[in-house]
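Contents: one structure, followed by commentary.
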Amino acid sequence: MTKQVTLTIDGLQATVPAGTLIVDAAKTIGIDIPVFCYHPKMEPAGMCRMCLVEIGRPMIDRGTGQPMLDENGQPQMQFMPKPEAACTNIVSDDMVVLTQSEKATEAQKDIIEFLLTSHPLDCPVCDKGGECPLQNLTMEHGPGKSRFLYDEKLRFDKHVPLGDLILLDRERCILCGRCVRFQDEVVGEAVLAIDERGRGSEIISISDPGFDSVFSGNTSDICPVGALTTVDFRFGARPWELKSAASVCAQCPVGCNITFNTRREAKADGKVVIKRVMPRQNEQVNEIWICDKGRFAYHFAESKQRLEKPLVRGQAVSWEDALNEVSSKFAEAKSDTVVLASGRLSNEDLFNLKSFADGLGGKAVLYTDMGGGDLVMQVGVGQGTNFSDLGNPLTGTRGDTILVVASDLYEEAPIWWLRVKQAADRGATLIVANPRETKLDRFASYVIRYANGDEVKTVRSLSDENKIAEAFAKAENAIVLFGSDGLGLNGSSNLAAACAKLLVDTGHTGKPNNGLIGVWPKANDQGAWELGFRPEAALAAALKGKTVYIAGADPAGDDPALERALKEAKFVVVQELFQTKTADLADVVLPARAYTERDGTFTSGERRVQRFYPAVPPLGETKADYAITAEIAKKLGINLEGSSPVLVFEKLAASVKNFEGLSYAKLAEVSEQWPIVGRGDLYYGGTTYENTQGLGAGLVSAAERGEAVSIPEVREEAGLRPQEDELLAVPVTKLYDRGTTVTPAVLLTNHIGDATIALHPEAARKLGLEAGKQVTVSFDGVSGQALLKIDETISAGVALVPRSMGLAIREPVAIKVK
């Protein structure tokens, strides 16, 4: 139990854990000490001096070491002659803090006056106006007029691109250092710095390309002035014009809590549009951070290429005509129906699709190249799991261990990368196992480099007698994150089985902060597994000659073999946002709503079920996926709920064991979080939104329920060995890819780039190829163009090919490059 310290702040008593800073202690009893440089997620710097207060400490008798008492038996206080910074001083017993004394308020007023000496008077046009800590604190603590001469103001550049997503207004910057420290301390990517000295100091980017970090947008949230702005929001709207809608990011399996800010715009023909994406606090999921993909990729929902009307053989028709056409074909097909869906869909959509397939006697197939979700259902992390607890000395455990295997978290799930990295910073043992170097390696206690194809063998070695195996086995808590880096469906399924067996053998299942996490390609892949969808190893064969119902997937655009299979299908129905390559092949295309236009839930990789809410009105004649499926089912005599997602979820929770006891009301419950973040004290936590609409709820694993765990036999399959003139191409994940929900975001175009292939320099030399040039890649009877990159960290016989970038790679394959 952490020692508690009691002190008095402005006459109010506060009891907080030892080691707490005064500024945080005051916050716990509702006293707001003004700050600029301090942030509760970072180490104190004491740079701005805005938090100056008077601090009295008990006078200590040097002879006895005990506090000296006055005539009333109370400790005698000794105050320093000058105010002290509340953000750098730790509380102590019987301390007395005065935040509103004459000395303290005068000091705060002086600091504001100093900060304004060269600050531009552009509040009416500043993007931060209305949510600006400097503006608010000037009104509360600043002087009525300045003693400094206007002509002595320094002039700095106003539109400085730190990178292609963040702009700096150097004239507005107050040099609090938050952005620099966030990138250095929190992220571990020191891509920003303070250049020059004194009044000439300025923030600069020291990376090439500029501001080279996928967390750059967070600096605009914590900037206490309008110095840092995002390119898509700068001069876009005033904060007081915006409405907010709670949501969950749909770009990866983390499930970051976000807020969509919207407003009605004349330039959008009077439509309500999304103006920006902001973090929403959930300390068990994303804390108060989001990655740049989650912040900027939302533009897909407002693309002019969205489908708005049903199509039958390319012609726009009414919903009634489209549904009649579809239902008649399904009535003929019955058990010859294949429902192919992706984890891009919500739990409600997937539940109705699975129920529809079951009602026809057909097959429900998950469109993915990664397996193992059934094992996550059995030995997934326990309820209450929080990466912030790992490595935390306050938990008093014997140690925590995290194993990341076959996953490049920085590219696949950036916030998990950040939270795992921070756990390692706090003292957790981090083991990174991968055939190539990743950005997580430099924070790892142990790095295991294995040959492609040796994933299972590597995990099995952690049951042997060695130093790394001992660190895992003896840990109080252990979490394994497995991915599909360099793997296909079979390889990732075998890896998941090996990881599950390791957890069971070492006793790391069925409790919080222990268990298995899949680093899935899509936001709700785990939800699809929970609801009964399973991937198909021979997908092309499963589609040929069938009546196929595809929702939220573009198999024809991903793989020529699947395109050929769909051309041989009996009838194809596609439910989509866009006219994809698969939609081009469809007999009927049904326009679906984007998740920003409706309610629903996702299940994250940690098996946390979370609600998202509608942010904008539906587009055209689009309908929610669950509703479309219900309408088709109704014409076939299959009873599915389609009137409300609330009712669909009620039915889901009543029929799917793992969701038992959940409801929309339960998912909307909130509890107190630390740090206390709210829009009323923007200077303390930034512009992150307080969570008032739901923290979600974790699913209970089979191990946690005390049920027997069934793990399939762990197989070590021989890795593919290319011939003399071939290379082993392995699939890897790129954060910014050509996915359906990423490409429409124009401002990410430079980040998406061209199709690439990475070779070891020796392999490129032997083939006579030059970095930066286009090469031809051939495999499985198809070929494509790619830009050649050089990577010294990979094997000379291996080529890295990013998924969803134009080259149809779904598993390791032998290729020729020329």
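Find the centroid of the Cα atoms in region 454-481 and in region 645-678, then give the distance between the two in whole Å.
Spelled out, the Cα-based centre of one part sits 35 Å from the other.
So between Ile206 and Gln13, what do we pick up on full extension, going 0.36 nm a residue minus the alpha carbon distance?
Numbers: separation 193, 0.36 × 193 = 69.48 nm, distance 4.58 nm.
Roughly 64.9 nm would be gained on extension.
Computed FRET efficiency, Cβ-Cβ of Glu332 and Lys304, R0 41 Å: what is it to the nearest 0.05? Kindly include the intermediate steps, with their values, before the conclusion.
On the way: r = 37 Å, r/R0 = 0.89.
Calculated transfer efficiency: 0.65.
For region 213-257, what Kirkwood radius comes out of the mean inverse Cα-Cα distance, in Å?
12.7 Å is the Kirkwood radius here.
Quantify how much of the Cα-Cα distance distribution of region 21-116 extends past 16 Å, in percent.
Details: 2639 of 4560 pairs.
Distances greater than 16 Å cover 58 percent of the Cα pairs.
List the lysines whose Cα sits under 24 Å from the Cα of Lys158, skipping any in the same chain fewer than 8 residues away.
By straight Cα distance, Lys158 reaches Lys128, Lys275.
Mind checking the alpha-carbon convex hull of region 373-519 and giving the volume per residue in Å³? Walk me through the numbers before you get to the answer.
On the way: hull volume 13.8 nm³, N = 147.
Cα convex hull per residue, to the nearest whole number: 94 Å³.
DSSP loop chymotrypsin sites (Phe, Trp or Tyr not before Pro) in region 397-439 with at most 15 other Cβ atoms within 10 Å of their Cβ, which ones? Before the final figure, lay out each step's value.
Numbers: sites: Tyr410, Trp416, Trp417; in loops: none.
Within region 397-439, no chymotrypsin sites (Phe, Trp or Tyr not before Pro) qualify (loop, at most 15 other Cβ atoms within 10 Å).
Using the heavy atoms of the protein chains alone and a 1.4 angstrom probe, what is the accessible area of region 426-528 per residue in square angstrom? Don't skip to the answer; put the middle values down first.
Working: 3400 Å² over 103 residues.
Computed with neighbouring chains in place, this is 33 Å² per residue.
Against the longest principal axis of the chain, how steep is helix 347-360, in degrees 0 to 90 to the nearest 10, with axes from Cα atoms?
So the helix axis and the longest Cα principal axis differ by about 20 degrees.
For Ser643 paired with Arg234, estimate the spin-label separation in nm (one decimal), with each label point 7 Å from Cα along the Cα-to-Cβ line.
Between Ser643 and Arg234, the simple spin-label model gives 5.1 nm.
Mind ordering 725-736, 159-170 by average Cβ neighbours within 10 Å, highest first? Don't skip to the answer; put the middle values down first.
Values: 725-736: 22.0, 159-170: 19.6.
Taking the mean over residues of other Cβ atoms within 10 Å, the ranking is 725-736, 159-170.
Could you tell me what fraction of 2.2 N^0.38 Å the Cα radius of gyration of region 683-797 comes to, as a two-decimal ratio? Walk me through the numbers before you get to the answer.
Numbers: Rg = 22.5 Å, N = 115, 2.2 N^0.38 = 13.4 Å.
Cα-based Rg divided by the globular estimate yields 1.69.
Report, in degrees rounded to the nearest 10, the 0 to 90 angle that the Cα long axis of helix 414-426 makes with the longest principal axis of the chain.
50 degrees
Hey, can you rank 250-260, 632-642 by average C-beta count inside 10 Å, highest first? Could the numbers behind the result be given before it?
Working: 250-260: 26.4, 632-642: 17.3.
Answer by packing, highest mean first, reads 250-260, 632-642.
Given a Förster radius of 45 Å and the C-beta distance between Asp195 and Asp505 as r, what FRET efficiency does 1/(1 + (r/R0)^6) yield to the nearest 0.05?
Working: r = 53 Å, r/R0 = 1.19.
It comes to 0.25.
Taking only the Cα atoms of region 255-344, how large is their convex hull per residue, in Å³?
164 Å³
Using each residue's phi in region 162-170, evaluate 6.51 cos²θ - 1.76 cosθ + 1.60 at θ = phi - 60° and report the 3J(HN,Hα) Karplus result to the nearest Hz, with x for Gly and Pro.
Residue by residue, region 162-170 yields 5, x, 7, 10, 10, 10, 10, 9, 5 Hz.
Taking the Cα-to-Cβ direction at Asp780 and at Glu265 and moving 7 Å from each Cα, how far apart do the two end points lie in nm?
4.0 nm
Can you tell me the length gained on complete extension of the stretch Asp94 to Thr64, counting 0.36 nm per residue apart and subtracting the Cα distance? The partial results should precede the final answer.
Details: separation 30, 0.36 × 30 = 10.80 nm, distance 1.74 nm.
That works out to 9.1 nm of additional length.
Calculate I(q)/I(0) for region 55-108 by the Debye formula, one identical point scatterer on each C-alpha and no solvent, and give its log10 at q = 0.28 Å⁻¹ to two decimals.
-1.14
Provide the gained length on full extension for the span Gln383 to Lys789, in nm with one decimal, where the gain is 0.36 nm per separating residue minus the Cα-Cα distance.
Values: separation 406, 0.36 × 406 = 146.16 nm, distance 4.27 nm.
This chain segment gains 141.9 nm when fully extended.
Give the accessible surface of region 4-100 per residue, rounded to a whole number of Å², with probe radius 1.4 Å and ligands, DNA and RNA excluded. Before the final figure, lay out each step's value.
Numbers: 4650 Å² over 97 residues.
Ligands and nucleic acids excluded, the result is 48 Å² per residue.
Does anyone have the angle between helix 319-333 and the longest principal axis of the chain? Alpha-carbon axes, 0 to 90°, nearest 10?
It is inclined by approximately 50 degrees.
For the pair Ala718 and Asp441, what calculated FRET efficiency results from E = 1/(1 + (r/R0)^6), where r is the Cβ-Cβ distance and R0 = 30 Å, to the nearest 0.05? Let's see the in-between values first.
Numbers: r = 27 Å, r/R0 = 0.91.
After rounding to 0.05, the efficiency reads 0.65.
Determine the relative contact order of the chain: mean sequence separation of Cα pairs under 8 Å and six or more apart, normalised by residue count, in whole percent.
On the way: 1849 pairs, mean separation 104.2, N = 818.
This gives 13 percent for the chain.
Would you mind checking region 104-135 for residues with the amide N under 14 Å from a putative spin-label position 7 Å along Cα→C-beta of Lys158?
Taking a point 7 Å out along Cα→Cβ of Lys158, the residues of region 104-135 whose backbone N falls under 14 Å are 120-127.
Looking only at Cα atoms, what is the convex hull volume of the chain per residue, in Å³? Walk me through the numbers on the way to the answer.
On the way: hull volume 150.9 nm³, N = 818.
Expressed per residue, the convex hull around the Cα atoms of the chain is 184 Å³.
In region 150-302, how does Rg compare with the Kirkwood Rh, expressed as the Rg/Rh ratio over alpha carbon atoms? Could you put the intermediate results ahead of the total?
On the way: Rg = 16.5 Å, Rh = 16.6 Å.
The Rg/Rh ratio comes out at 0.99.
With label points built 7 Å along Cα→Cβ from the Cα atoms of Ala814 and Asp358, find their separation and express it in nm.
If labels sit at Ala814 and Asp358, their model points lie 4.4 nm apart.
Rounded to a whole number, what is D in µm²/s for region 98-175 from Stokes-Einstein with the Kirkwood radius over alpha-carbon pairs (4 °C, 1.567 mPa s)?
Values: Rh = 14.0 Å.
Translational diffusion coefficient: 92 µm²/s.
Specify which residue in the list Ala745, Leu720, Thr733 is farthest towards the positive end of the charge dipole of region 714-754, using unit charges on the beta carbon of Lys, Arg (+1) and Asp, Glu (-1), about the Cα centre.
So the residue furthest toward the plus end is Ala745.
Roughly speaking, to the nearest percent, how much of the chain's 1.4 Å accessible area is carbon and sulfur?
Of all accessible area on the chain, carbon and sulfur atoms account for 49 percent.
The values are calculated or read from the model by the stated rules, or taken from the named source; none is laboratory data. Because the structure is a prediction, the values reported are computed rather than measured. For neighbour counting, all protein chains shown are included, and Cβ atoms are generated from backbone atoms with ideal geometry for every residue, glycine included. The area values use the complete protein model at the heavy-atom level, side chains included, leaving out ligands, DNA and RNA. Shrake-Rupley method; radii C 1.70, N 1.55, O 1.52, S 1.80 Å.
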